[in-house]
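Take a look at the structure below.
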Amino acid sequence: QEDIQKLGARLAQAATPTHAELLRRREEDGHRSIIHGDFKTANVFFRKKGEEASANIPHPAVERGASSSSSAAAVSSAAMIDFQWSGVGVPEMDVAYLLLSSAALPVLNDLETFLRGYYEEFVANAAGNEDAESDASPPLPSYDQFLKDFKLAVVDYARVVVGYQWQGAKAEWMSTRKDELGACTHNRSLPHVKWFIRY
């Protein structure tokens, strides 16, 4: 309980070293990409084959009886909107933002599976990219380094949520937003808030 009460202070204390390490990874290690910067499902549209467009993160626990690969195969196209915060950054920042702001609780409770799957897909796609294999390109991060970068991105994102989005927030405020699809899950669902704080 005391840790939760001091969460804001702990995040404030971690903000400078976290930013410094993400900056070092981007500039010194060359681990960078164009990132969206506001990567939540409200800013992503998926069109499923034979259906109207909808925003969704496929997962076996969410789509009962369907594998994530079969769910993904049913998506015919996807498009992102709202690029006002895009720029150069560490790619795990978008991954952290999307999962922490938009994923259903069964996804978050199985986060390791998602992160491992994302990493394997990332490496597989990079292997077929000529630019990624050139001598000028930095080496791909190991899975352990990817996890470290992801956790740094989580801390970076959490300071914005706790220090800005939750400023003065109460349970009643969140309950009035429970049906707002454009709102991040941690701003409209108390179970998501509990998961967010514990993580």
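Here are some notes:
- Test for Ala61: is it surrounded by fewer than 16 Cβ atoms within 10 Å (Cβ to Cβ) and either at pLDDT below 60 or within 15 Å of the chain's Cα centre (by Cα) (or both): yes
- Top-ranked residue in region 168-199 [being under 19 Å from Tyr97 (Cβ atoms) and open to solvent by 100 Å² or more (accessible area, probe 1.4 Å); ranked as nearest to the chain's Cα centre (by Cα)]: Tyr199
The values are calculated or read from the model by the stated rules, or taken from the named source; none is laboratory data. The structure displayed is predicted, hence computed values, not measured ones. Positions of Cβ are generated from backbone atoms using ideal geometry, with glycine treated the same way; all protein chains shown enter the neighbour counts. With ligands, DNA and RNA removed, areas are computed over all heavy atoms of the protein, side chains included. Shrake-Rupley method; radii C 1.70, N 1.55, O 1.52, S 1.80 Å.
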